[in-house]
Every structure is written in structure tokens, then in C-alpha cells.
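S.K.: First the structure, which I've put down as C-alpha cells, then a few questions once you've had a look.
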Amino acid sequence: MIGPGENVTNVVIRAVADKTNREPVDLEPLGDTIDADAVDALFANSSGNNLDSLTLHYEGCRVTIDFEAVTIEDDARPHVPE
């Protein structure tokens, strides 16, 4: 659950850390994956946007964010060698 006034990106980091059994400080910075300030701004106020949810891939997880919760699932994307 996303609390009032809580940054959604902080919720994402804590949820992914819990799912992967790691400490938040051991995760790759979320800002290296997405524009964290933009995501926080999108979810800070729902008025004026048509966004229902946002899905991203972070630290081996599929993260879906909506205005009530953050859902974490294992990332089922195929591995593509670099």
C-alpha cells in the first residue's frame, strides 16, 4: 500500500528489496533504470493524467505501480546476452 505523501519510488525500492531478500542499499539505484522524479510526480497527483498503472523491470522483477499499491513479480523476460 502506498501511504499518503509517500514517494512511490521509495515503496518500489523497499518492495523489490523484500522480494529479492536484499537490503535496499544493495540494489542498483532506481534512478539508473527510470526517471524516479518523474515517476513520483506522476503518482503524486492523479488529477490531470490518464495513467492507470506503470510497469517497469528492475533488479530481476516486474514492478507494476498503480495509485493504491506496488506489485512485484519475478521478471519473465528472456535473457538477451550483451
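S.K.: To the nearest 0.05, what FRET efficiency results for D26 and D74 with a Förster distance of 30 Å applied to their C-beta separation?
M.R.: E(calc), rounded to 0.05, equals 0.95.
S.K.: Taking 0.36 nm per residue of separation and subtracting the Cα-Cα distance, what length does fully extending S53 through R14 add?
M.R.: My answer for the length gained is 12.2 nm.
S.K.: Now for a separate question. Per residue of segment 36-42, in order, report the coupling 6.51 cos²θ - 1.76 cosθ + 1.60 (Karplus, θ = phi - 60°) as ³J(HN,Hα) in whole Hz, putting x for Gly and Pro.
M.R.: 4, 5, 5, 5, 4, 5, 4
S.K.: Same structure again: Which value at 222 nm does the chain reach when only helices count, each DSSP H run of 4 or more adding -39,500 (n - 2.57), with the total divided by all residues and rounded to the nearest 500 deg cm²/dmol?
M.R.: Dividing the helical sum by the residues of the chain leaves -7500 deg cm²/dmol.
S.K.: Kirkwood Rh, the chain, all Cα pairs: how many Å?
M.R.: Kirkwood hydrodynamic radius for the chain: 13.3 Å.
S.K.: What's the local net charge at E23, with K and R +1, D and E -1, over the other residues with C-beta under 13 Å away?
M.R.: Its environment carries a net charge of -1.
Only the coordinates and a few stated rules stand behind these numbers; no lab work does. Quick caveat, the model's predicted, so the values are computed rather than measured. Please note: Cβ atoms are built from the backbone with ideal geometry, for glycine as well, and neighbour counts cover all protein chains shown.
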